[in-house]
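To keep things clear, I will list the structure first and then write my remarks on it.
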Amino acid sequence: MSAGSVRGKKAFAWVPSLYLAEALPFSAVMLISVVMFKDFGLSDAQITVYTSWMGLPWVIKPVWSTIVDNLKTKRWWIVSMQFLLGVCLAMVAFAIPTRFWLQATLALFMLVAFASATHDISADGFYIIGLGARDQELYVGVRNTFYRVGMVLGQGGLVMLQGLLLKSGLLGGSLAWAAVFAVIAVVMLLLGLYHGKALPNVERQVHGRFDCAVQVREFLGTLALLCRKPHVVTAACFILLFRLPEGLLVKVVPLFLTRSAADGGLALSNVDFGLIYGTISVIGLLVGGILGGLLVSRYSLRRCLWPLVLCITLPDLVYVYLSFNPLHSLWFIGTCVCLEQMGYGLGFAAYTLFLVSFSRGERSTAVFSICTAGQYLGGVMLPGMLSGLISGSLGYRMFFVVVALCCLVTFAVTALVHIEEKD
């Protein structure tokens, strides 16, 4: 079945659930673990280094992306990885109450990260070959929204669940966290069953034996192809540095919201934190993500780029305000977070569509995986590893001022990037 025949199918039956499945393991490894490690007594610097280091598989995933391209089908990889992720997350749940919980969870989280990165390669490739260019533009807001909803539900709803279980007295701290990861494991297994039926067949089955030399040549060939793309230098700067402010924020904001007032935080409970990230911010995220995709689809990426860049950067100032003026109600804090999430949804739609359009052509799946690897390296892993050290040495107030200044980097790479009028 060709990709063209799939365009007539209802992509809404699989695009939202596919990117929800892509987000949940990432949320477990990179976001939920932040709050859990904080509850277990680790410092900001330890938490950000450990959890950022676990982003390594998303950075180096292009190394094995050719395997996903050349063995089986992307549909097969998607379903297989979802089942593997369910099993690994269940093992995390069993490991948390043990005496060696830190070593066991770090090892299992790294395994989850490798499986999740492999799932990302296949899911993003499936999105590109399963939808035409016009449909990719139309659904970019949907995929981004449900990806972020998955992370928000993880970092919000599941953290809230842990707080409610702890508050009710039904489970202690470690058992409550174990229950959270058991829930994620069950959801991933159910998504694997669903996608085994819902994903359309868009590829021909590839049977082959893995040959290391061939895969190395394929990878080097993809790198050479990428280097020959027009305006590759400015595109690389855009991909690596566009998300720098968010990369600094993503791990410190949960710590800032939940640390005590004596530590410079807002002293939210896990229940309040989960309420904000699981409900209020979802509203902003849904509006921003879908509206961003619709705007780009209608007016083109070139025309919408700068307005959406302002949307993704300026709302970062809410954390500067909250750090200097912490005495506000829960709903005011939630409104600030909602505004930041709405701006993120708007701006990230433009960023994702740039990655998709830049990757089109020969070896699109492998090229896209390299682009997203650069995104994680410059926008998640390296800034995340440094964020705890910076906030620990400067304090939350000056840390958020530094993040606001880093928005100038986003402006600079946006000014340099080249976008064709047709995009």
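The values are calculated or read from the model by the stated rules, or taken from the named source; none is laboratory data. For clarity, every value in this text was computed on a predicted model and none was experimentally measured. Here the Cβ is made from the backbone with ideal geometry for all residues, glycine too, and neighbour counts use every protein chain on show. Calculation scope for accessible area: heavy atoms of the full protein, side chains included, ligands and nucleic acids excluded. Shrake-Rupley method; radii C 1.70, N 1.55, O 1.52, S 1.80 Å.
A few comments on the model shown:
- Euclidean distance between Cα centres, region 332-349 to region 35-110, Å: 27 Å
- Over 19 Å (Cα to Cα) - which of Lys61/Lys251; Lys38/Lys167; Lys72/Lys229 fall in this group: Lys61/Lys251; Lys72/Lys229
- Cβ-placed point charges (K, R +1; D, E -1), dipole of the chain about Cα centre in debye, nearest 20: 780 debye
- The residues neighbouring Pro25, those whose beta-carbon lies less than 14 Å from its own, together hold a net charge of -1 under the Lys/Arg +1, Asp/Glu -1 convention.
- Dipole-positive endmost among Leu355, Ser122, Val142 within the chain (Cβ charges, Cα centre): Ser122
- Part-to-part distance (alpha-carbon centres) for region 358-423 and region 262-281, which is given in Å: 26 Å
- Residues of the chain were split at every exposed loop site, defined as trypsin sites (Lys or Arg not before Pro) in a DSSP loop with at most 15 other C-beta atoms within 10 angstrom, and the longest piece left, sites excluded, is 229-359.
- Per residue, the average separation of C-alpha pairs within less than 8 Å and at least 6 apart gives the chain a relative contact order of 28 percent.
- For region 251-408: relative contact order, % (alpha-carbon pairs under 8 angstrom, 6 or more apart): 30 percent
- Report summary: the helix-based calculation at 222 nm, which adds -39500 (n - 2.57) for every DSSP H run with n ≥ 4 and divides by the residues of the chain, gives -25000 deg cm²/dmol.
- With all protein chains modelled, accessible area of Glu420 [1.4 Å, Å²]: 90 Å²
- Mean separation of Cα contacts under 8 Å, 6 or more apart, over the residue count of region 52-188: relative contact order %: 37 percent
- Here the extension length gained between Val87 and Leu56 equals 9.1 nm, from 0.36 nm per residue of separation less the Cα-Cα distance.
- Within the accessible area of the chain (1.4 Å probe), percent carbon and sulfur: 69 percent
- Label point distance in nm, Ala261-Arg298, each placed 7 Å from Cα along Cα→Cβ: 4.6 nm
- Average accessible surface area per residue within region 1-90, 1.4 Å rolling probe, Å²: 32 Å²
- The chymotrypsin sites (Phe, Trp or Tyr not before Pro) of region 66-115 that meet both conditions, a loop assignment by DSSP and at most 15 other Cβ atoms within 10 Å of the site Cβ, are Phe100.
- Taking a ≥ b ≥ c as the square roots of the Cα gyration tensor eigenvalues, region 87-167 comes out oblate, since a/c reaches at least 1.5 and a/b does not exceed b/c.
- Computed label-point distance, nm, for sites Leu190 and Leu175 using a 7 Å Cα→Cβ extension: 2.4 nm
- Accessible area in square angstrom per residue, region 285-420, 1.4 angstrom probe: 39 Å²
- Per-residue HN-Hα couplings for region 159-168 [Karplus 6.51, -1.76, 1.60; θ = phi - 60°; Hz; x = Gly/Pro]: 5, 4, 4, 4, x, 5, 4, 5, 5, 6
- When the Cα gyration tensor is reduced to axis lengths a ≥ b ≥ c, the ratio a/c is 1.5 or higher for region 272-321, and with a/b not above b/c it is classed as oblate.
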